[in-house]
Amino acid sequence: MPHSRPGVATSVAYWSLQFAGWGLYFWAQASGEVIIADMPWSKAATLWGGFCASGFALTHLLRWSIKRRRWLSLPPRALLIRMLIAIALLASTLDVITIVLSLAKYHTPVAPILGALYRRLPPNGQLINQFVNSLIVTLIWVGLYLGFAVQRHRYDEQVHQAELAQLLHAAELRLLKAQLNPHFLFNALNGVRALIPDEPARAQDAVTQLSRTLRYTLASSDDELVSLARELEMVNDYLALEGL
């Protein structure tokens with residue numbers, strides 16, 4: 001399983017960044033609402049805790065969809081269209097969640113921290129900027145995720161291509177052996193047959209050399225490395241049989 005260790009490292013990095021990113025955003029927004037808008041911590045923590053928990057779940061769902069539907073293997077145009085739709089849906093959903101939580105806690109559709117920052121704007125302008133806030137958060141997450149995911153996908157594709165090339169090379173070698181071994185075997189057997197009447201001792205040696213050579217040939221597909229002495233011994237046997 002050559003990809004198990006990199007896969008575990010990638011998963012650990014993803015979850016670490018998810019918790020760290022959404023945790024930092026929660027702290028920044030909740031504490032900012034307490035300081036800037038002078039709101040109680042319990043209400044600020046509820047609003048932005050719900051927002052960040054929803055963002056955590058929704059972005060993970062997006063990641064699952066990207067992996068499950070293999071979006072990274074799509075042409076750039078098709079990937080871009082899907083990501084734009086996903087960004088719009090995700091940002092709109094987070095904006096609706098913000099409005100619902102803000103209404104539940106503060107009886108106003110605009111979160112107090114955003115209302116304080118954009119207090120000079122009319123209510124509609126504040127709502128628009130609240131949506132822009134959700135959109136920016138979504139764009140940052142998608143941009144960071146795609147940046148890492150695309151690089152990882154390219155690396156996996158390169159590894160896959162290298163493995164295919166290695167398998168193809170091994171298959172070509174096996175095919176070459178299958179083509180050469182019968183020809184060599186027939187020649188060696190004919191040579192041994194010719195030695196038996198006149199040089200039986202030499203014929204016995206040739207049979208021993210042939211046995212070692214065939215055993216080495218059959219086992220070489222399983223052993224990637226052999227000693228130099230073993231290799232030289234097989235070369236001598238091979239040349240001796242070729243000289244029969």
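Each residue of region 25-33 was assigned a 3J(HN,Hα) from its phi angle through the Karplus expression (A = 6.51, B = -1.76, C = 1.60, θ = phi - 60°), giving 5, 4, 5, 5, 6, 5, 5, x, 5 Hz with x at Gly and Pro.
When 1/r is averaged over all different Cα pairs and the result inverted, which Kirkwood radius in Å belongs to region 33-179? One over the average 1/r among Cα pairs gives 18.4 Å for region 33-179. The residues packed around Ala149, meaning those with a beta-carbon under 12 Å from its beta-carbon, carry a net charge of +4 if Lys and Arg are +1 and Asp and Glu are -1. Global dimensions of region 1-95 from alpha-carbon coordinates: Rg and Dmax equal 16.9, 55 Å.
Length gain on complete extension for the stretch Gln204 to Leu103, per 0.36 nm per residue less the alpha carbon to alpha carbon distance?
Working: separation 101, 0.36 × 101 = 36.36 nm, distance 9.79 nm.
Value of the extension gain: 26.6 nm.
Sorted largest first, the principal axis extents computed over the alpha-carbon atoms of region 111-151 equal 43, 15, 12 Å. With the simple spin-label model, which puts each label point 7 Å out from Cα in the Cβ direction, the Leu167 to Val12 separation comes to 2.9 nm. Peptide packing: for 94-103, 108-117, 185-194, the average count of neighbouring Cβ atoms within 10 Å per residue gives the ranking 108-117, 94-103, 185-194, highest mean first.
None of the figures in this text is laboratory data; all of them are computed from the coordinates on show. Worth saying up front: this structure is predicted, and the values here are computed from it rather than measured. Reconstructed Cβ throughout: ideal geometry from the backbone, glycine too, with neighbour counts over all protein chains shown.
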